[in-house]
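Student: Structure in structure tokens, see below.
The values are calculated or read from the model by the stated rules, or taken from the named source; none is laboratory data. On a predicted model such as this, the values are computed, not experimentally measured, just so you know. Counting neighbours? That spans all protein chains shown, and the Cβs are built from the backbone with ideal geometry, glycine included.
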Amino acid sequence: MLYISRKRFLLICAGAATAIGIYCIANGFSYSILGSLDPKIRPTKSERSKNLESSLVELTQSSDPEVYAQKHGLYFANGRVRVVIELDNPNYALPASYGVEETRYENMIQALVVINKLLELSESPFVRFITIPMVPADQGRET
């Protein structure tokens, strides 16, 4: 008979619970230790904003985007924010209604995107993720 110590058993259970939680969150399931897994209860894509960095989601929800951008070290001008868009298809062109493409490398575009279009752009089937550009610590945001 296989003997497992109580401590090892608890570690295995904790690891399994963590793995289940990560799987559920990644797949949009409603997950609670006290509740059950219900695949019918899923947040909509725009509620999750899974393709949009959280600081950009907050920027779109801010009552004063310019102040929010300045406070968080984001480049913001004329109602547009500088972002990096990771694409599924490197041949995809950013429509002019979303903003201005500044530069491109393989499947990445740096662009000034209209704030009101960020959520819509993040839901495009061609977009993997939208984030803010990385800036050296001594030239911008603190790390």
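Student: Scan the stretch 83-112 for residues that are closer than 18 Å to residue 50 by Cα and surrounded by 12 or more Cβ atoms within 10 Å (Cβ to Cβ) and jot them down.
Tutor: Residues satisfying the conditions are 83, 84, 85, 86, 87, 108.
Student: Hey, another quick one. Given the structure, is residue 42 of a type outside the set (Gly, Ala, Ser) and either assigned to a loop (DSSP other than H, G, I, E, B) or modelled with pLDDT under 95 (or both)? Lay out the reasoning, then the answer.
Tutor: Working: of a type outside the set (Gly, Ala, Ser): yes; either assigned to a loop (DSSP other than H, G, I, E, B) or modelled with pLDDT under 95 (or both): yes.
So residue 42 fits the description; yes.
Student: Out of the residues in the stretch 127-143 that are at pLDDT 90 or above and assigned to a loop (DSSP other than H, G, I, E, B), which is surrounded by the fewest Cβ atoms within 10 Å (Cβ to Cβ)? Can you show your working first?
Tutor: Taking the stretch 127-143 first, the residues at pLDDT 90 or above are 127-133.
Imposing the further condition that a residue be assigned to a loop (DSSP other than H, G, I, E, B) reduces the set to 132-133.
Numbers: 132: 20, 133: 14.
Looking at the filtered set, the residue picked out is 133.
Student: On the basis of being at pLDDT below 90, aromatic (Phe, Trp, Tyr) and out of contact with any Lys or Arg (no Cβ under 8 Å at 6 or more places or on another chain), does residue 31 make the cut?
Tutor: Details: at pLDDT below 90: yes; aromatic (Phe, Trp, Tyr): yes; out of contact with any Lys or Arg (no Cβ under 8 Å at 6 or more places or on another chain): yes.
Considered against the rule, which asks whether it is at pLDDT below 90, aromatic (Phe, Trp, Tyr) and out of contact with any Lys or Arg (no Cβ under 8 Å at 6 or more places or on another chain), residue 31 comes out as yes.
Student: Against the definition (in a strand (DSSP E or B) and touching a residue at least 24 places away in the same chain (Cβ under 8 Å)), how does residue 112 come out, yes or no? Walk me through how you get there before you give the answer.
Tutor: On the way: in a strand (DSSP E or B): yes; touching a residue at least 24 places away in the same chain (Cβ under 8 Å): yes.
Against the criterion (in a strand (DSSP E or B) and touching a residue at least 24 places away in the same chain (Cβ under 8 Å)), residue 112 qualifies.
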